[in-house]
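Presented below is the structure to which this report refers.
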Amino acid sequence: MKTIMKSAKLIILFSILVTFISLAQDNKFGIVIHGGAGRIVKENMTPERESEYTAKLKEVLETGYKILERGGNALDAVESAIRLMEDSPLFNAGKGAVLTEKGAAELDASIMDGKTLSAGAAAGIKHVKNPITLARLVMEKSPHVMMISSGAEEFAKQNGLEMVDNEYFITKERWESYQRAIKREEERKKAEKHGTVGAVALDKEGNIAAGTSTGGMMMKKFGRVGDAPIIGAGTYANNNTCGVSATGSGEYFIRIGVAKDISSLIEYKGMSIKDASEEVIKKVGNLGGSGGVICLDKFGNVAMPFNTEGMYRGFYLSGGQPVVKMYKGN
Ligand code: ASP
């Protein structure tokens, strides 16, 4: 009798465990990324270049997705996705960043945890290989939210982050476009192309994280800081609403407080992620700004509106396939 009772108990325990695991597996998770918005049009793209971007964006999505699939947290997925894009010369973040008026790379990044509303940011970085990791370090290992320039770099060094010469970030292509920009005012405007990177992830526990990393704007004044490292402008995450990462003309994104504005429209007005993000991008346009956002809400809904000709972007949600797009509509 005792053995029967014991095995019945075991069976009940086992089925509770199975139900729990399958419920946990039912939880939606996923990642959304961007690699910058701007004049991204098919006519200017060679097939090789297009497939280079597609392959890299897919690799980034798959890396983030795998972390979430095996139960990893949203912050790890966001940091790993952004590191990969910082290491790629294709984007204006980390290696391949655009240059200041003085010809140096000055990088900004931020990250936010939607569970605790903790956040970290670093700006004016010249020697830390992966600014997004420094942003996370500021969030987790300091009592502050934002650190800048040499102080932030000292903090990075103390914590063993990989440091590099400023030349590491400067690719031949960016140097040439900088040289052209110096020569002609006309080129100067064209050179203001975007290429910031960002990621938003929702993990199986329902936690949302968002992060953004950038070299800023080509020919920016040394010391200029854009929206990317500003919590509420370029990055925001809240488990009760959504996660957002922005790209575009930072000055406008700061003035509107784009990322927090989207979250607030959901929080206070009960708007959908699609309506909220489209409304805020419209505001940016009305003010004269250009760019876009990637957003993921707590239900796993994605929105990626932009008012430029294109935006490198993609998402990979549980139960689906990685989707990569760069032009308007596709
Ligand atoms: N938002 C970035 C900045 O203003 C630039 C970009 O996204 O292209 O620094």
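Structure summary
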item: Percent of alpha-carbon pairs separated by more than 17 Å within the range 200-252; result: 40
item: Among Glu154, Glu86, Glu62: highest mean-square fluctuation, GNM of the chain, C-alpha pairs under 10 Å; result: Glu154
item: Highest-MSF residue in the chain out of Ile254, Ile111, Ile208 [GNM, Cα springs under 10 Å]; result: Ile254
item: Ser142, Ser110, Ser249 arranged by Cβ crowding within 10 Å, fewest neighbours leading; result: Ser142, Ser249, Ser110
item: Computed [θ] at 222 nm, helices only, for the chain once each DSSP H run of length n ≥ 4 contributes -39500 (n - 2.57); result: -13000 deg cm²/dmol
item: Average projection area in nm² (convex hull over Cα atoms of the range 49-117, one quarter of hull surface); result: 5.8
item: Peptide ranges 122-135, 31-44, 165-178 listed from the most packed, as the mean C-beta count within 10 angstrom indicates; result: 122-135, 31-44, 165-178
item: Principal axis dimensions, largest first and in whole angstrom, of the range 227-284 by Cα; result: 28, 22, 14
item: P(r) histogram, all alpha-carbon pairs of the range 176-275 included - 5 Å bins from 0, percent; result: 3, 13, 19, 19, 16, 10, 8, 6, 4, 2, 0
item: Percent of Cα-Cα distances greater than 12 Å, calculated over the range 284-330; result: 66
item: Cβ-based exposure ranking for Ser245, Ser213, in which fewest neighbours within 10 Å come first; result: Ser245, Ser213
item: Alpha carbon centroid spacing (whole Å) that separates the range 108-153 from the range 26-88; result: 21
item: Using alpha carbons only: equivalent-ellipsoid semi-axes of the range 79-189, gyration tensor based, whole Å; result: 27, 14, 13
item: Sparsely packed trypsin sites (Lys or Arg not before Pro) within the range 205-281, loop by DSSP, other Cβ within 10 Å at most 16; result: Lys221
item: Where only C-alpha atoms are counted, convex hull volume of the range 248-322 per residue in Å³; result: 86
item: Cα Rg, Dmax (largest Cα-Cα span) when computed across the chain, Å; result: 20.8, 92
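Every number in this text was worked out from the coordinates using simple rules, so none of it is lab data. Being a predicted model, the structure only gives us computed values, none of them experimental. We place every Cβ from the backbone using ideal geometry, glycine too, and count neighbours over all the protein chains shown.
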